[in-house]
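Note sheet for the following structure.
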Amino acid sequence: AQSVTQPDIHITVSEGASLELRCNYSYGATPYLFWYVQSPGQGLQLLLKYFSGDTLVQGIKGFEAEFKRSQSSFNLRKPSVHWSDAAEYFCAVGAVAGKSTFGDGTTLTVKP
Amino acid sequence: DTGVSQDPRHKITKRGQNVTFRCDPISEHNRLYWYRQTLGQGPEFLTYFQNEAQLEKSRLLSDRFSAERPKGSFSTLEIQRTEQGDSAMYLCASTPGGPTDTQYFGPGTRLTVL
């Protein structure tokens, strides 16, 4: 069975500082991996996805993520956080049928 | 392309009542998914449709839950005899239909069962 673990429930960073959100997955085959962002009252928005190829993927809003098969990880990074990045972030692993299994999310707070 | 829409956005009901939610996917998206999200957790898969066919149902979907997509366009999710444990955000997503397609999510319907 597939599963996703996001070890950090809540992270606080200062505006302008770098950010890394951790994601570990369990999946029996080559995973399809996703990062989503959810702001209050908003639906989930896809930041980036990995299916194959280059293990460093670029997404929207200046985010990137690196797939490391040996560590079963897909960590999300951003070099300089903006106040508008405060939100909840979800990592997900997808099956061939397209349905996804999500982690429980990491809430990001940005200090001015 | 107006995105995935869900109606209503909020629903408050009393325990034991039936409720129905509607999801309108992006036009021409063949696959439609329902997820449930409770506070402090990520979305959990409930069911999905390929056109009008319901291809998979999670064991989370008890007998009180039923979903339909009668013409392969919009979908409804009905919960009968609601319980307080049904209180959650119900999310709908759609994709064109390929296995690696991006899921586009709607804003969700927040259900509160009193």
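Restricting to Cα atoms and excluding each atom paired with itself, what does the Kirkwood estimate give for chain A in Å? Answer for chain A: a Kirkwood hydrodynamic radius of 14.0 Å. Label-to-label distance, residue B:62 versus residue A:46, with points set 7 angstrom from Cα along the beta-carbon direction: 3.4 nm. Pick out which of B:96, B:70, B:25 has the largest mean-square fluctuation in a Gaussian network model of chain B, springs linking Cα atoms closer than 10 Å. Per the Cα network of chain B with a 10 Å cutoff, B:70 tops the list. Placing unit charges on the Cβ atoms of the charged side chains and taking the dipole of chain A about its Cα centre, the candidate lying farthest along the positive direction among A:102, A:42, A:21 is A:102. Put a plus charge on the Cβ of each Lys and Arg, a minus charge on the Cβ of each Asp and Glu, and nothing anywhere else: the dipole of region A:1-109 about its Cα centre is then about 280 debye. Dividing the convex hull volume of the Cα atoms of the protein assembly as shown by its residue count, what figure in Å³ per residue is obtained? Measuring per residue, one finds 123 Å³ for the Cα hull of the protein assembly as shown.
For chain B, place one equal point scatterer on every Cα, skip the solvent, and apply the Debye formula. What is log10 of I(q)/I(0) at q = 0.10, 0.19 Å⁻¹? Results for chain B at q = 0.10, 0.19 Å⁻¹ read -0.26, -0.94.
Read-outs throughout are calculated quantities, based only on the coordinates presented, and are distinct from any laboratory measurement. Treat the numbers as computed from the prediction; the structure is a model and nothing was measured. No Cβ is skipped: glycine too gets one built from the backbone with ideal geometry, and neighbour counts run over all protein chains shown.
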